[in-house]
Amino acid sequence: MKKITKICCIGAGYVGGPTMSVIAKQCPEIQVTVVDINQDRIDQWNTDDLDQLPIYEPGLKEIVGERRGKNLFFSTEVDKAIDEAQMIFISVNTPTKTYGKGKGQAADLKFIELCARNIAKVAKDDKIVVEKSTLPVRTAQAIQNILDNTGNSVKFEILSNPEFLAEGTAIEDLVHADRVLIGGNDTPSGQAAKDALSAVYEHWLPKERILQTNVWSSELSKLVANAFLAQRVSSINTISALCEKTDANIQEISRAIGFDSRIGPKFLNASVGFGGSCFQKDILNLVYIARSYGLNEVADYWEQVIIANDYQKSRFAENIISKLYNTISGKKIVIYGWAFKKDTNDTRESAAIAVADALLEERAEIIVYDPKVSEERIYADLDYLNTRSPEENRRLLKVTNKPIEVTKDAHAIAILTEWDEFKTYDWEKIHQQMLKPAFVFDGRRLLDTDTMKGIGFNYYKIGQS
Ligand code: NAI
C-alpha cells in the first residue's frame, strides 16, 4: 500500500469538518481536503471571520485558523480531491428515510451511494475508501459492489471507521479518543489498508487504543454504542417520572446507583430527553435491521428507548400546561435553549422543538433565546414539522437575543438546553419582573432548587416532586 500523503473527505458537516481538522493538525505532512456539494457550507468553512464557521465546537476555530491553507483545504471540487487522494473518507449524512420501504426507520443511503458512484467514476488508481458515516451493518458490501463494477480495474479497499465524537466536545473527543475502531477485510490488502489508516491515528493516539475488527463488527458496533448510550438516558428518564410521584430524588438515585462499579456514574443525568442527529436515527435503524431479520423481540426491546424518550418530552410539556392551570393560551412562555445540548449550534432532534410545538398547539406565546442558534434555524425546525403554517409559527413564536429583558411579564420560563450562562443569570431580577406566580420548568436540572424556591419561584425540576 502506498504511503498516505493526501486524504479527501466527502462531507463537510459536524463529523467531516472537526475530524479532518484534527487529522490535519496532528499529521502536518498529510494534505487533507474536505469537499462538499453545498457551496454555502464550503464558503463558510473558508470564511475569514473564524467566528462564522458553519459549526460551533470549542477549540475548532483555533485549529482551522492554524491549518487552513497549509494542509487543510475546504472545496467543492469533489472530483479533483477524489482523484488526488490515496484515502477517501465518506462522511455524508445518513438520515432516516422519509419515503418508500423502511420509511421512518431505515437509514437513507442515497448520499452514500452517490459518493460510491462518484469515486468509481473518477478514480484512476487504487484507493482506500473509509466509511466514516454511521451505516447499517453490511453497507460496505454494497459500496464494494458499486466500486468493483466500474470496469477500469482500479482496486478499492473498503474500511469501516465509525466516529464516536460527541458534539459539544468533538475536538477533545478526537484528540483524546477512548478508542478508534477500524474494520476491514482479513486479506493481505485489507490488512495493509487497516494498517495505513491506523498509522494516521498513531500520529497522536497510542496503538492499543486503535482496535481492528472485521467490517461487519465495526459497522454494527457504532449502532450498538449509540443504542446503549441512549438506553441509559431513557432508563434514568423513566425513573425520573417515578421520582416525581414518590418524593424520591433522581439525583440521589443516580449517585446511589452510579457508585456501583458495574453501573458506573456517567450518562445518568435525567433530562427533558435526548436529541441530536444520531441516537434516534441509529436506534431506528437498529430496530429496522433487527426486524428485517425477523428478530421482532430484539426490535421491540430497542424501540422502547425511543418511545420512552418521546414520552419524556411530551410529559415535560404536559406538566407545564397543567401547572399553569391547564391553560396556556395567550400566556408568555420564555424558552431558554434550543440546541440539543450545550456547546453546539446543532438543533437536530432537539427536545426544545417538540416541547415548543406542544406549547404552540395550546396557543402559548413563546419567546426563544439560545446563545448559538440562529432565528432562521429555529423557524426552519418548526416549519419542518408541518404542524402549522410558517406564518403562524412566526406569529406565535419570537426569537430574541435579550434573554433577561424578555422575561418581563412572562408567566413561565422553560430551560431546555444546559448552557452554562443560564446559571449566571440574575434570577432575583428575573423573578421581580415576571408575572406572579412565576414558574420555572427546569428540563436540564441546571439550577439549585432551594435557591430558586427561596427567591419565590414555583420551580419544577425533572425528577423531583
Ligand atoms: P451533516 O449533515 O452535518 O454533514 C454531511 C455533509 O455531507 C453535508 O454538508 C452535505 O452537503 C454533504 N454531502 C451529502 N452528499 C454529498 C455528496 N454526494 N458529495 C459531497 N457532499 C455531500 O452530517 P454529520 O452530522 O456530519 O454526519 C455525517 C455522518 O456521521 C452521519 O452518518 C452521522 O450519523 C455520522 N455521525 C455523526 C455524529 C454527529 O455527532 N453529528 C457523530 C458520529 C457519527
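Within the range 74-84, not a single residue is within 26 Å of Ala299 (Cα to Cα), near the ligand (Cβ under 9 Å from one of its atoms), assigned by TED's automatic domain parsing to the domain that holds Gln191 and not hydroxyl-bearing (Ser, Thr, Tyr).
One residue alone among Asn296, Asn319 is over 26 Å from the mean Cα position of the chain (by Cα), free of Cβ contacts under 8 Å to residues at least 12 places away in the same chain and away from the ligand (no atom under 16 Å from the Cβ), and that residue is Asn296. Residues of the range 314-326 include at least one that is in contact with a Gly (Cβ under 6 Å, 6 or more places away or on another chain), open to solvent by less than 30 Å² (accessible area, probe 1.4 Å) and either part of a loop (DSSP other than H, G, I, E, B) or closer than 16 Å to Gly273 by Cα (or both).
Kindly evaluate Ile63 against the criterion of being near the ligand (Cβ under 10 Å from one of its atoms), open to solvent by less than 30 Å² (accessible area, probe 1.4 Å) and in contact with a helix residue (DSSP H, G or I) (Cβ under 7 Å, 6 or more places away or on another chain). Can you show your working first?
On the way: near the ligand (Cβ under 10 Å from one of its atoms): no; open to solvent by less than 30 Å² (accessible area, probe 1.4 Å): yes; in contact with a helix residue (DSSP H, G or I) (Cβ under 7 Å, 6 or more places away or on another chain): yes.
It is false that Ile63 is near the ligand (Cβ under 10 Å from one of its atoms), open to solvent by less than 30 Å² (accessible area, probe 1.4 Å) and in contact with a helix residue (DSSP H, G or I) (Cβ under 7 Å, 6 or more places away or on another chain).
Restricting the first member to the range 182-210 and to residues that are under 19 Å from Val129 (Cα atoms), and the second to residues that are open to solvent by less than 20 Å² (accessible area, probe 1.4 Å) and basic (Lys, Arg), the beta-carbon pairs closer than 7 Å and six or more apart or on different chains are Ile182/Lys194; Gly184/Lys194.
If the condition is being assigned to a loop (DSSP other than H, G, I, E, B), over 19 Å from Ile353 (Cβ atoms) and of a type in the set (D, E, K, R), then the range 385-433 contributes Lys402, Lys408, Asp409, Asp426. Taking the criterion of being away from the ligand (no atom under 14 Å from the Cβ) and either without any contact (Cβ under 8 Å) to a residue 12 or more places away in the chain or under 30 Å from the mean Cα position of the chain (by Cα) (or both), the residues of the range 105-136 that qualify are Gln105, Lys127, Ile128.
To keep it simple, each residue is scored yes or no on (1) buried (at least 21 other Cβ atoms within 10 Å of the Cβ); (2) at negative phi; (3) in contact with a helix residue (DSSP H, G or I) (Cβ under 7 Å, 6 or more places away or on another chain).
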| position | (1), (2), (3) |
| --- | --- |
| Asp126 | no, yes, no |
| Asp148 | no, yes, no |
| Asn152 | no, yes, no |
| Ser160 | yes, yes, yes |
| His176 | no, yes, no |
| Thr187 | no, yes, no |
| Lys194 | yes, yes, no |
| Glu208 | no, yes, no |
| Ser221 | no, yes, no |
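Residues in the range 252-270 that are part of a helix (DSSP H, G or I) and either in contact with a strand residue (DSSP E or B) (Cβ under 6 Å, 6 or more places away or on another chain) or of a type in the set (A, V, I, L, M) (or both): Ile253, Ala256, Ile257. For the range 96-103, the criterion of being within 14 Å of the ligand (Cβ to nearest atom) and under 20 Å from Gly276 (Cα atoms) is met by at least one residue. Across the range 201-214, not a single residue is classified as farther than 30 Å from Leu60 by Cβ, aromatic (Phe, Trp, Tyr) and away from the ligand (no atom under 16 Å from the Cβ). Cβ separations smaller than 7 Å between residues 6+ apart or across chains give the following pairs from the range 17-37 residues that are closer than 11 Å to Leu174 by Cβ to residues that are open to solvent by 50 Å² or more (accessible area, probe 1.4 Å): Lys25/Glu66; Gln26/His203. Out of the range 161-200, which residues are within 12 Å of the ligand (Cβ to nearest atom), within 19 Å of Cys9 (Cα to Cα) and among the polar types (S, T, N, Q)? The one that is within 12 Å of the ligand (Cβ to nearest atom), within 19 Å of Cys9 (Cα to Cα) and among the polar types (S, T, N, Q): Asn161.
Here is a check on your reading of the model: is Val32 buried (at least 21 other Cβ atoms within 10 Å of the Cβ), of a type in the set (A, V, I, L, M, F, W, C) and away from the ligand (no atom under 15 Å from the Cβ)?
yes
Applying the set (1) exposed (fewer than 14 other Cβ atoms within 10 Å of the Cβ); (2) farther than 20 Å from Asn319 by Cβ; (3) among the charged types (D, E, K, R) to Lys436 leaves exactly one unmet item: (2). Ser91 satisfies every condition listed in (1) crowded, with 19+ Cβ neighbours inside 10 Å; (2) more than 23 Å from Glu157 (Cα to Cα) except (2). Considering the range 451-465, the residues that are over 23 Å from Leu242 (Cβ atoms) and surrounded by fewer than 22 Cβ atoms within 10 Å (Cβ to Cβ) include one that is nearest to the chain's Cα centre (by Cα), namely Thr451.
The values are calculated or read from the model by the stated rules, or taken from the named source; none is laboratory data. The model shown is predicted, which means the values in this text are computed figures rather than measured ones. Methodologically, a virtual Cβ is constructed for each residue, glycine included, from the backbone with ideal geometry; neighbour enumeration extends over all protein chains shown. Side chains are part of the model used for accessible areas, which takes the heavy atoms of the whole protein and leaves out ligands, DNA and RNA. Shrake-Rupley method; radii C 1.70, N 1.55, O 1.52, S 1.80 Å.
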